[in-house]
1. So, with a 1.4 angstrom probe, what is the percent of accessible area on segment 203-249 that is carbon and sulfur?
2. Please go through the residue pairs Lys194/Lys247; Lys107/Lys133; Lys107/Lys240; Lys84/Lys239; Lys107/Lys239; Lys84/Lys194 and name each one whose alpha carbons sit more than 29 Å apart in this structure.
3. How big is segment 175-235 in terms of Cα radius of gyration and Dmax, in angstroms?
4. Roughly how many nanometres apart are two label points built 7 Å out from the Cα toward the Cβ at Met254 and Glu205?
5. Specify which residue in the list His188, Ile235, Ala271 is farthest towards the positive end of the charge dipole of segment 183-274, using unit charges on the beta carbon of Lys, Arg (+1) and Asp, Glu (-1), about the Cα centre.
6. What residues have an amide H closer than 5 Å to that of His222, excluding those fewer than 5 places away on the same chain, when H is modeled at 1.01 Å from N in the peptide plane?
7. Take every Cα pair under 8 Å in segment 67-220 that's 6+ residues apart, average their separations, divide by the length, and report that relative contact order as a whole percent.
8. Give the residues of segment 215-230 whose amide nitrogen is closer than 19 Å to a point set 7 Å from the Cα of Gln97 in the direction of its Cβ.
Amino acid sequence: AARSPPSINSQAASAATTVGVASGSDGAASKIGAGVALGALTAGAAASRSRRKVRAQRQAQPVSIEEKRFPVLSRRPPLGSFPKMPETVHPGVVSGQALRDLLQHAKDNGYAIPAVNCVSSSSINACIEAARKMDAPIMIQFSSGGSQFYAGKGLDNTAFHAAIAGAVSGAYHVRAVAEQYGVPVILHTDHCAKDLLPWMDGMLEADERYFERHGEPLFSSHMLDFSEEPLEENIELCKKYMERMAKINCGLEMELGITGGEEDGVNNEDANPE
């Protein structure tokens, strides 16, 4: 019966035996035996190096975008509930019906859910830990600038690539830790003006990709802020995005007008109250 080749260790043992037997014969036989044994040992070592090289090459080969996959945190549904919250609300990121139920519960019971713009994993952890200590829900959100900072200012932000990467990275971090802290978290993005729409489009692609695998969007919701645009255009753009987001149960916050004051570099202090 055919046998697989021995490992490098067994080859070394075989070589030592051959040398020992050969040494009991004349000098010529001893040299031949040692030469054969050492040749086999060298060949075995070379074969082993060749196999390691092939494995290394195979591991280093790049894969196509179709072969890459998003991290899968768990196939099971979230566990746990809260006695004073709607049944749909669970520890971790809430979306879809759970998001609507949580917002309605806050409205009906007269309390606010703080929304904190985060720029690092440390600030995310601190906010969720505070929510755990207060036994309350919280909203973690990202702005375009904060998203870029999260990815690292050294990244090229052409076409908002760094901002998209940072927001998606932050979203995965929130999803990875929120359930561990045991609090409900709304994962939101802050003001997206018209000139920032490539950032929004990139995040929605991530939402849709996540929805295909998990049945819910990556983010709970997003905010569109077209308050600098004419009202008719504002509503039309929001309607267009709402139709897309409704297919994946992703919430949309719209800013139809202005409230005065200054925010994100937009100053409305002198705006007409009408």
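The values are calculated or read from the model by the stated rules, or taken from the named source; none is laboratory data. Computed from a predicted structure; not experimentally measured. Neighbour counts run over all protein chains shown; Cβ positions are idealised from the backbone, glycine included. SASA here: full protein model, heavy atoms, side chains in, ligands and nucleic acids out. Shrake-Rupley method; radii C 1.70, N 1.55, O 1.52, S 1.80 Å.
1. The nonpolar share, carbon plus sulfur, comes to 49 percent.
2. Check vs 29 Å cut-off fails for Lys84/Lys239; Lys84/Lys194.
3. 14.2, 44
4. Rounded to a tenth, the inter-label distance reads 2.6 nm.
5. The listed residue farthest towards the positive side: His188.
6. The answer is Thr189, Gly251, Leu252, Glu253.
7. Normalised by residue count, the contact order of segment 67-220 is 27 percent.
8. 215-218, 220-221
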